[in-house]
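The values are calculated or read from the model by the stated rules, or taken from the named source; none is laboratory data. Model, not experiment: these values are computed from the prediction. Don't worry about glycine lacking a Cβ; one is built from the backbone with ideal geometry, like all the others, and counts go over all protein chains shown. Heavy atoms of the whole protein, side chains included, go into the accessibility calculation; ligands, DNA and RNA do not. Shrake-Rupley method; radii C 1.70, N 1.55, O 1.52, S 1.80 Å.
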Amino acid sequence: MRAIETQIIPRLLMHAVSSRHGGGSCLERWSPTSDDISEFANLLIAHDAGIALAYVRAWRQQGAAMRTLYLELLAPAAAHLRRLRLQRRLGFARLLLARYRLVRVVRALRADRSEPEVTAAAD
């Protein structure tokens, strides 16, 4: 899990960013696509909060603005989870767990100056 969080997700994200943005690493004007939002929501559903946090931190390390992350990735991902539940594509228990993980990601981002530890054990 730690290798996925620290190596694989950031590398995949860096590759995706460079191919989408012509090799540049500055994402100040980056806006998540619906695929990015779905991918993040799926991470919240299927993995622990550490994986989802690594995904968000990888975007942040590439230069994505915190405002963009909160308003255009995290909030739409929460809405996406709700839609999945309303469409009966996501069970209530899995929805609660995914939202719990989302809250953990938000808390970790707010306290990111001290690099809090988000572990799978707490999930």
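Each row is one residue, and each column tells you yes or no for (1) at pLDDT below 95; (2) in a helix (DSSP H, G or I).
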{"position": "A41", "(1), (2)": "no, yes"}
{"position": "I45", "(1), (2)": "no, yes"}
{"position": "W59", "(1), (2)": "yes, yes"}
{"position": "G63", "(1), (2)": "yes, no"}
{"position": "R67", "(1), (2)": "yes, yes"}
{"position": "E72", "(1), (2)": "yes, yes"}
{"position": "P76", "(1), (2)": "yes, yes"}
{"position": "R85", "(1), (2)": "yes, yes"}
{"position": "V106", "(1), (2)": "yes, yes"}
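Residues of the range 87-96 being in contact (Cβ under 8 Å) with a residue 40 or more places away in the chain and in a helix (DSSP H, G or I), which ones?
Across the range 87-96, the qualifying residue is only R94.
Any residue in the range 59-79 that is more than 25 Å from L96 (Cβ to Cβ) sitting within a Cβ distance under 6 Å of a residue that is surrounded by 14 or more Cβ atoms within 10 Å (Cβ to Cβ)? List the pairs, counting only those 6 or more apart or interchain.
Once the first residue is more than 25 Å from L96 (Cβ to Cβ) and sits in the range 59-79, its partners that are surrounded by 14 or more Cβ atoms within 10 Å (Cβ to Cβ) give Q62/V17; Q62/L27; G63/L27; A64/L27; A64/W30.
Here are some residues: Y100, Y55. Which one is at pLDDT 90 or above, open to solvent by less than 10 Å² (accessible area, probe 1.4 Å), aromatic (F, W, Y) and part of a helix (DSSP H, G or I)?
Y55
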